[in-house]
Amino acid sequence: MVNAFETSKIDQLWTIKNAFLLPESATYYPKDKTIYVSNIVKYAKDGSGFISKVSHEGEILDFKWISALNSPTGLAIYQDKLYAVDMDSLIEIDLQTEKIINRYTTPKSDLKPVLNDVAISKKGDIFVSGSQSRKIYQLRDEKLVVFIDDQKRLLKANGLLVDKETLIHGGQFWNRFSLEDGSLIDNDKSQRPSANLVDFDGITHDGKGGYFVTVIDDSRIWHINAQGTTLPLSQDAIEGIDIHYDIGSKQLFVPQVGGSLTVFTVN
């Protein structure tokens, strides 16, 4: 019997070719069927970065919807608020007023954390990865405080995903931490990805107990099913970055190296 999870495939729904400027992350707001895309532009604290607003049908509604940012990367939505990682801070945007309402910074002792991704639990706990600091921060009392400091396991700290009561981290290594105290969970070997995959970038749920992931040195999108079996969704060189899967629409939103945004349906 073939496990249906192992044979998941993707079909392109639409694409916007070469329109974005170093896109990093895409996230979907089902309330008004809108996609948000972060544009790094260049890795500099110079205010040239921005976030684009795109319709569910693939029309760019506002290319520079939120501008004057500093290399924005990871995006996540919680209760009508869009959280965007912006080099050394986390910004909070009200999706109703379309205004930045808060900016949260890391401890002064972390001079160049190079923040990367953001993940939010169902309770609203917010976590941010620091690629250079090799730390994971948590938003507490309107400040980003150190939640996990592991200079070995958080090498090239990158993608984050909250999965029930755990926090999955993908950088050079795949790690699973407790949401309660940040301790390493090492008893879930059945769902570790193939040892051949390293340097994880984007991580998103597949809606069936597994994950879709991208890695730095492989241009394909990979599927890790609920049993830990790891297979490419496609042999195509998609070059996805920080991807997002919407369970309701069964659509995978993929910002791509080269400046494109492509949406796939998952079968």
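Name the chymotrypsin sites (Phe, Trp or Tyr not before Pro) in segment 97-204 that are in a loop by DSSP and that have at most 15 other C-beta atoms within 10 Å, would you? Walk me through the numbers on the way to the answer.
Details: sites: Tyr104, Phe127, Tyr137, Phe147, Phe173, Trp174, Phe177, Phe200; in loops: Phe173.
Nothing satisfies the criteria.
With a ≥ b ≥ c taken as the square roots of the eigenvalues of the C-alpha gyration tensor of segment 107-191, please select rounded if a/c is under 1.5 and otherwise prolate if a/b is larger than b/c or oblate if it is not?
Numbers: a/c = 1.90, a/b = 1.23, b/c = 1.55.
Oblate, since a/c reaches 1.5 and b/c is not below a/b.
Within the chain, which is the longest segment that contains none of the GluC sites (Glu not before Pro) sitting in a DSSP loop with at most 11 other Cβ atoms within 10 Å? All intermediate terms of the calculation are to be shown ahead of the outcome.
Working: sites that count: Glu57, Glu59, Glu142, Glu165, Glu180.
It runs 181-267.
Give me the net charge of Leu61's neighbourhood, meaning all other residues with Cβ under 13 Å from the Cβ of Leu61; Lys, Arg count +1, Asp, Glu -1.
Numbers: positive: Lys33, Lys53, Lys64; negative: Asp32, Glu57, Glu59, Asp62, Glu98.
Combined, the nearby Lys, Arg, Asp and Glu give -2.
Less than 14 Å Cβ to Cβ from Asn116, Lys/Arg counted +1 and Asp/Glu -1: what total charge do the surrounding residues give? Before the final figure, lay out each step's value.
Numbers: positive: Lys112, Arg134, Lys135, Lys156; negative: Glu24, Asp86, Asp88, Asp110, Asp117, Asp199, Asp201, Asp242.
Around Asn116, the surrounding residues sum to -4.
How large is log10 I(q)/I(0) at q = 0.14, 0.21 Å⁻¹ when the Debye formula is applied to the Cα atoms of segment 131-267, each weighted equally and without solvent?
Debye curve over Cα of segment 131-267, log10 I(q)/I(0) at q = 0.14, 0.21 Å⁻¹: -0.64, -1.33.
Normalised by the number of residues in segment 129-267, what is the relative contact order in percent for Cα pairs under 8 Å and 6+ residues apart? Please list the in-between numbers first.
Numbers: 314 pairs, mean separation 18.3, N = 139.
Relative contact order of segment 129-267: 13 percent.
Over all directions, average the projected area of the Cα convex hull of segment 44-106 and note it in nm².
4.5
Divide, for segment 175-248, the radius of gyration over alpha carbons by 2.2 N^0.38 Å, where N is the residue count. Numbers along the way, then the final one.
Numbers: Rg = 12.7 Å, N = 74, 2.2 N^0.38 = 11.3 Å.
For segment 175-248, the normalised Cα radius of gyration comes out at 1.12.
With the crude spin-label approximation of a point 7 Å out along Cα→Cβ, what separation in nm comes out for Leu21 versus Asp80?
The answer from the label model is 3.1 nm.
State, to one decimal in nm, how far the label point of Glu59 lies from the label point of Gln12, with both points 7 Å from Cα in the Cβ direction.
Distance between label points: 2.2 nm.
Counting pairs of alpha carbon atoms under 8 Å apart in space and at least six apart in sequence, what relative contact order in percent does the chain give?
Values: 733 pairs, mean separation 45.5, N = 267.
RCO, the chain: 17 percent.
So which residue, out of Ile243, Ile126, Ile40, gets the largest mean-square fluctuation from a GNM of the chain using Cα contacts under 10 Å as springs?
Ile126
Could you put Leu90, Leu139 in order, starting from the residue whose Cβ has the fewest other Cβ atoms within 10 Å?
Taking fewest neighbouring Cβ atoms as first place, the list is Leu139, Leu90.
Taking 0.36 nm per residue of separation and subtracting the Cα-Cα distance, what length does fully extending Ser67 through Lys122 add? Mind dumping the intermediate values first?
Numbers: separation 55, 0.36 × 55 = 19.80 nm, distance 2.84 nm.
Length difference between fully extended and current span is 17.0 nm.
No value in this document is a laboratory result; all are computed from the given coordinates. Fair warning: this is a prediction, and the values are worked out from it, not measured in the lab. Because the Cβ atoms are built from the backbone with ideal geometry, glycine has one as well, and the counts that use them run over all protein chains shown.
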